[in-house]
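Since the structure comes first, as structure tokens, the remarks are kept for the end.
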Amino acid sequence: MDTVFSTEEEQRYAERGSSELHAKLRWTFLVAATLFFVFMGLDYQFDPEKLGRNMAVRLLAVGAYLVLHLLARWEPARARVELLLLAGVGVGAASVTRLSVGLRFGELLAVGSLLLMVVMLAALTTSPRQALTSHALLLAVVNVLGPVFGASSLFFFAVNVFLLSGATAGVILAALSERLSRRAFRMELDLEVLATRDSLTGAHNRRSFLQQAEHELDRARRGTRPVSLLMLDIDRFKSINDTHGHPVGDAVIRTLASTCQSALRSVDVLGRLGGEEFAIVLPETGTEGALRVAERLRQSLAEAVVPEVGKALSFTVSVGVAERLPGEGLEQLLSRGDQALYAAKNTGRNRVCAAAHG
């Protein structure tokens, strides 16, 4: 059964596959240029009478593959990896189809070159669709150019059988490779979740949250944009645990996290710092905007009913708000957010307080 990804995960999977494919593409073009250069030495050793013609073809192929290698490193060309791949196949096919009648050494070199290209396709294609398209183009190029350059019928038949066999194997290998790659990527995602997410709520764990918060502060410093922090704490949480038990306490924490996630933007970062304490980073948000978000969350949580306890149970939170000051680091911002949270607790709970700017 194929692994199903979300849209964001599909995008990350595609970006990783594209990056790996570009690296393979650059190296394969370089190796192909080297091998065609080696073929020049074989031409001299086995067929010196045709050295001039063969050398011209080999040099043309070497030059073309080096150009493709450079193009693959050029950023705009990275989005057209299939065209680069098919161009490489076309260069290789065109360089080995100027054949004479009879199965001569030149044709044996041609078979070797085609074998190189089939191996290239097997190494570079990462999906059955891509493999089918690439092998089909190789077949088309050989079948069009072969008769034009006078390939013998025996060679023509043998090459078609060879290419069809290679295409079949290539598509099967690409399908297996894609399946294994998707499984490996799913395992990476699962490990990433274990390393960065709180197991109870799905929010960022403390370490991951601090890393994300530091990243947002760095962006704010570079762009002189505001960023604010919310510190949330469940009011009288110990009393909830003592009265209803720890499973109900866990359900309250999950409700808080899910309610916040539903109300926040995709760019906002929610983290569980420990126990019943949560923090939220609001990029490009000043104090006034952060206060509005905090008040909206406070009201939503006060109206929320914990769905897992089988009876009506509500809870409230206190929220501290702090906007990053010029030159302020994460530790200082967290400290001022804590002070604002303590002020909300000490002035009656179930309220929002903003940190002083001094």
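Residues Thr196, Thr168, Thr224: which one is surrounded by fewer than 17 Cβ atoms within 10 Å (Cβ to Cβ) and on the phi > 0 side of the Ramachandran plot?
Thr224
Return only the number of the condition from (1) aliphatic (A, V, I, L, M); (2) at pLDDT 90 or above; (3) outside the structural domain of Ala279 (by TED's automatic domain parsing); (4) surrounded by 14 or more Cβ atoms within 10 Å (Cβ to Cβ) that Leu232 does not satisfy.
Of everything listed in (1) aliphatic (A, V, I, L, M); (2) at pLDDT 90 or above; (3) outside the structural domain of Ala279 (by TED's automatic domain parsing); (4) surrounded by 14 or more Cβ atoms within 10 Å (Cβ to Cβ), Leu232 misses just condition (3).
I need the full set of residues from region 243-297 which are β-branched (Val, Ile, Thr) and not in a loop (DSSP other than H, G, I, E, B), in order please.
Thr243, Val248, Val252, Ile253, Thr255, Thr259, Val269, Ile280, Val281, Thr287, Val293
Would you mind stating whether Glu188 is surrounded by fewer than 17 Cβ atoms within 10 Å (Cβ to Cβ) and among the acidic types (Asp, Glu)?
Taking the combined requirement at face value, the residue satisfies it.
Going by what's in this entry, would Val269 be described as within 23 Å of Tyr342 (Cβ to Cβ), among the aliphatic types (A, V, I, L, M) and either loosely packed, with under 15 Cβ neighbours inside 10 Å or touching a strand residue (DSSP E or B) at 6+ places or on another chain (Cβ under 7 Å) (or both)?
Yes; evaluated as a whole, the condition is true for this residue.
Out of (1) buried (at least 18 other Cβ atoms within 10 Å of the Cβ); (2) part of a helix (DSSP H, G or I); (3) of a type outside the set (D, E, K, R), what's the single condition that is false for Ala302?
For Ala302, the exception is condition (1).
Before we move on, is Asp218 in the same structural domain as Gly337 (by TED's automatic domain parsing), at pLDDT 90 or above, farther than 22 Å from Thr316 by Cβ and surrounded by fewer than 15 Cβ atoms within 10 Å (Cβ to Cβ)?
Working: in the same structural domain as Gly337 (by TED's automatic domain parsing): yes; at pLDDT 90 or above: yes; farther than 22 Å from Thr316 by Cβ: yes; surrounded by fewer than 15 Cβ atoms within 10 Å (Cβ to Cβ): yes.
Spelling it out, Asp218 is indeed in the same structural domain as Gly337 (by TED's automatic domain parsing), at pLDDT 90 or above, farther than 22 Å from Thr316 by Cβ and surrounded by fewer than 15 Cβ atoms within 10 Å (Cβ to Cβ).
The values are calculated or read from the model by the stated rules, or taken from the named source; none is laboratory data. Keep in mind that what you see is a predicted model, and the values were worked out from it rather than measured. All Cβ positions, even for glycine, are placed from backbone atoms using ideal geometry, and neighbour counts span all protein chains on display.
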